[in-house]
């Protein structure tokens, strides 16, 4: 008898994989071409390069629970919930940073807003993935 494909589980995995791929792509871009991104945070020179590469390393570190959840979202449900919580903290924290910025930082404002959109999209995908992974 042919095994039945669990579409809910696989859709959950695909959503998690998209968030992981997006995060790791950002990490790779920040690590390999930091000078392309540091001006968006009003950083320059060697300190800007180091800061962007540091953010890249953090992106990779933060994706460990995402990868565990991707492997088995039902068996490792706690990792999926951790990833979801981390994503929510990112959106909330970035929003707080944005609202605390003084006027006159248009470039920085735009960069932080891009992070909010980026993480909000990931958060929505993880919420759906968690709902689909549930039995």
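Numbers below:
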quantity: Residue within segment 57-68 that is more than 29 Å from residue 131 (Cβ to Cβ), more than 18 Å from the chain's Cα centre (by Cα) and modelled with pLDDT of 95 or more present; calculated: no
quantity: Test: residue in segment 22-35 that is in contact with a helix residue (DSSP H, G or I) (Cβ under 9 Å, 6 or more places away or on another chain), within 23 Å of residue 72 (Cα to Cα) and without any contact (Cβ under 8 Å) to a residue 24 or more places away in the chain; calculated: no
quantity: Those residues of segment 69-80 which are surrounded by fewer than 18 Cβ atoms within 10 Å (Cβ to Cβ), in contact with a helix residue (DSSP H, G or I) (Cβ under 7 Å, 6 or more places away or on another chain) and part of a helix (DSSP H, G or I), in sequence order; calculated: 77
quantity: Scan of segment 38-65 for residues that are part of a helix (DSSP H, G or I) and touching a residue at least 60 places away in the same chain (Cβ under 8 Å), ordered by number; calculated: 39, 40, 41
quantity: Conditions (1) surrounded by 13 or more Cβ atoms within 10 Å (Cβ to Cβ); (2) over 17 Å from the mean Cα position of the chain (by Cα); (3) modelled with pLDDT under 95; (4) more than 19 Å from residue 124 (Cβ to Cβ): number failed by residue 8; calculated: (4)
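Table: residues versus (1) closer than 16 Å to residue 59 by Cα; (2) exposed (fewer than 13 other Cβ atoms within 10 Å of the Cβ); (3) modelled with pLDDT under 95.
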site	(1), (2), (3)
96	no, yes, no
99	no, yes, no
106	no, yes, yes
115	yes, no, yes
120	yes, no, no
126	no, no, no
130	no, no, no
134	no, yes, yes
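The values are calculated or read from the model by the stated rules, or taken from the named source; none is laboratory data. Nothing here was measured: the structure is a model prediction, and the numbers come from that model. No Cβ is skipped: glycine too gets one built from the backbone with ideal geometry, and neighbour counts run over all protein chains shown.
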